[in-house]
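> Handing you a structure now.
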Amino acid sequence: MNNQDFEQLISLWFAEDIGDGDHTTLSSIPDSATGKSQLIIKEDGILAGVEVARKIFQAFDPKLKMTIFIQDGSPVKVGDIAFVVEGKVQSLLQTERLMLNIMQRMSGVATRTNQYVKALEGTNTRVLDTRKTTPGLRLLEKEAVRIGGGVNHRVGLYDMILLKDNHVDFAGGIENAIKRAKQYLKDKGKDLKIEIEVRNFEELDRVLTVGGVDRIMLDNFTPENTRKAVAIINGKYETESSGGITFDTLRTYAECGVDYISVGALTHSVKSLDMSFKAV
């Protein structure tokens, strides 16, 4: 995310939260009052969003001074102090909730991702995120996945071709979908990877016959069939498992030899990590 896009997002966030003014703070706290607040961790996990918090404070009040003790990607435990911010009390109070919302969400995603990453240790499989993200927060949630040790799949519909079941069905089959995708890239002068989803061994055989893809997604395959499919593909293309895979079955799929496992739960149903921003 470039700085201009991020500044626009921050403006939208403040407009949503502050509107025409934080009348509680403005009415009760003198404009000249200064103070200090600290971010207190209230739940064990992986910290994420420190750099985003820094940009939020700077955008709202460049005179706020932030002292960071714990960096993004670090393990944290209950009672840790991640950073201290000092300056105008009015500024501290008006940035508090926005900063916490972002940091709690990102830290929750990073913590969940790190649990999946640890479960895959000793295998050659990596965990991928998906597009099942919160509208407007996708780039932050995907950054949190990266901070937690995961790998980002495509960011949106524009940076990769992913031919899923509906694309294949509407296109009239595997062959049509792949050939049209390759021709489209040629016509548009674009260099994008092509991934295709297969639902059974018949579709897998068609993909291997046609070729021209970079990755094959094995959708809703059992572990047994995943192992067979990986053996059939035999390293010719990257492999990805998707669909119905839980934390409990994650390693079983990894041991089948797939390169990636995509997990929507990294972002779509994650619990935020508890923390608070309190006056010192």
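> Based on the Cα atoms of segment 183-280, what semi-axes does the equivalent ellipsoid have, where each is the square root of 5 times one gyration tensor eigenvalue, given in whole Å with the largest first? Could you put the intermediate results ahead of the total?
On the way: eigenvalues 216, 89, 20 Å².
After diagonalising the Cα gyration tensor, the semi-axes are 33, 21, 10 Å.
> Given the pairs Lys142/Lys182; Lys118/Lys142; Lys164/Lys228, which are separated by over 23 angstrom at their Cα positions? Write out the running numbers ahead of the final one.
Working: Lys142/Lys182 28 Å; Lys118/Lys142 18 Å; Lys164/Lys228 21 Å.
Check vs 23 Å cut-off fails for Lys142/Lys182.
> Give me P(r) over segment 76-115, computed from all C-alpha to C-alpha distances, binned every 10 Å, as integer percentages.
P(r) over segment 76-115, rounded to whole percents: 23, 48, 24, 6.
> Turning to a different aspect of this structure: Given the convex hull of the Cα atoms of segment 61-147, what is a quarter of its surface area in nm²? Present the calculation step by step, with values, prior to reporting the outcome.
On the way: hull surface 28.9 nm².
Spelled out: convex hull of the Cα atoms, projected over all directions, averaged, 7.2 nm².
> Right, something else. May I ask you to derive the relative contact order of segment 113-166, considering only C-alpha pairs under 8 Å and at least 6 residues apart, and to give it as an integer percent?
On the way: 46 pairs, mean separation 20.5, N = 54.
After rounding, I find 38 percent.
> Could you tell me what percent of the accessible area of segment 1-151 is made up of carbon and sulfur, with a 1.4 Å probe and every protein chain present?
49 percent
> With a 1.4 Å probe and all protein chains left in place, how much accessible area per residue does the chain have, in Å²?
Details: 14250 Å² over 280 residues.
Accessible area per residue, the chain: 51 Å².
> Short version: what are the Cα gyration tensor semi-axes of segment 230-280, square root of 5 times each eigenvalue, largest first, in whole Å?
Working: eigenvalues 257, 25, 17 Å².
Values for segment 230-280, descending: 36, 11, 9 Å.
> Sort 184-196, 218-230 by the packing proxy (mean of other Cβ within 10 Å over each peptide's residues), most packed first. Kindly include the intermediate steps, with their values, before the conclusion.
Working: 184-196: 13.5, 218-230: 18.2.
Top of the packing list down: 218-230, 184-196.
> Roughly speaking, what % of Cα-Cα pairs in segment 1-154 are separated by over 23 Å, rounded to a whole number? Could the numbers behind the result be given before it?
Values: 4932 of 11781 pairs.
In whole percent, the long-distance tail amounts to 42.
> Can you give the translational diffusion coefficient of segment 17-57 in µm²/s, computed by Stokes-Einstein from the Kirkwood radius over Cα pairs at 4 °C and 1.567 mPa s? List each step's numbers first, then the result.
Numbers: Rh = 13.5 Å.
Here the translational diffusion coefficient equals 96 µm²/s.
> I've got another one for you. Under 25 Å from the Cα of Lys65, which lysines turn up, not counting those fewer than eight places away in the same chain?
Lys36, Lys42, Lys55, Lys77, Lys88, Lys278
> Separate question: Find which of Ile10, Tyr260, Met103 sits farthest along the positive direction of the dipole of the chain, computed with +1 on the beta-carbon of Lys and Arg, -1 on that of Asp and Glu, about the Cα centre.
Comparing the listed Cα positions along the dipole, Tyr260 ranks first.
> When the accessible area of segment 165-280 is computed with all protein chains present and a 1.4 Å probe, what percentage of it is carbon and sulfur?
Working: 2800 of 6120 Å².
Its accessible area is 46 percent carbon and sulfur atoms.
> Can you tell me what percent of all Cα-Cα pairs in segment 140-209 are more than 17 Å apart? Mind showing how you got there, number by number?
Working: 1255 of 2415 pairs.
The answer is 52 percent, as a whole percent.
> Angle check, please: helix 223-233 long axis (alpha carbons) against the longest principal axis of the chain (alpha carbons), in degrees 0 to 90, nearest 10.
70 degrees
> What is the magnitude of the charge dipole of the chain about its Cα centre, with +1 placed on the Cβ of each Lys and Arg, -1 on the Cβ of each Asp and Glu, and no other charges, expressed in debye to the nearest 20? Could you put the intermediate results ahead of the total?
Numbers: 36 positive and 39 negative charges, 71 e Å.
In total the dipole reaches around 340 debye.
> Let me ask another. I need the per residue convex hull volume for segment 22-101, using only the alpha carbons, in cubic angstrom as a whole number. Each step should come with its number before you reach the end.
On the way: hull volume 7.0 nm³, N = 80.
About 88 Å³ per residue, rounded to a whole number.
> Over the chain, consider all pairs of different Cα atoms and compute the Kirkwood hydrodynamic radius from their mean reciprocal separation; express it in Å, one decimal.
21.1 Å
The values are calculated or read from the model by the stated rules, or taken from the named source; none is laboratory data. The structure displayed is predicted, hence computed values, not measured ones. So basically every Cβ, Gly included, is an ideal-geometry build from the backbone, and we count neighbours across all protein chains shown. The protein model used for the area step is the full one, side chains on, heavy atoms only, and it has no ligands, DNA or RNA in it. Shrake-Rupley method; radii C 1.70, N 1.55, O 1.52, S 1.80 Å.
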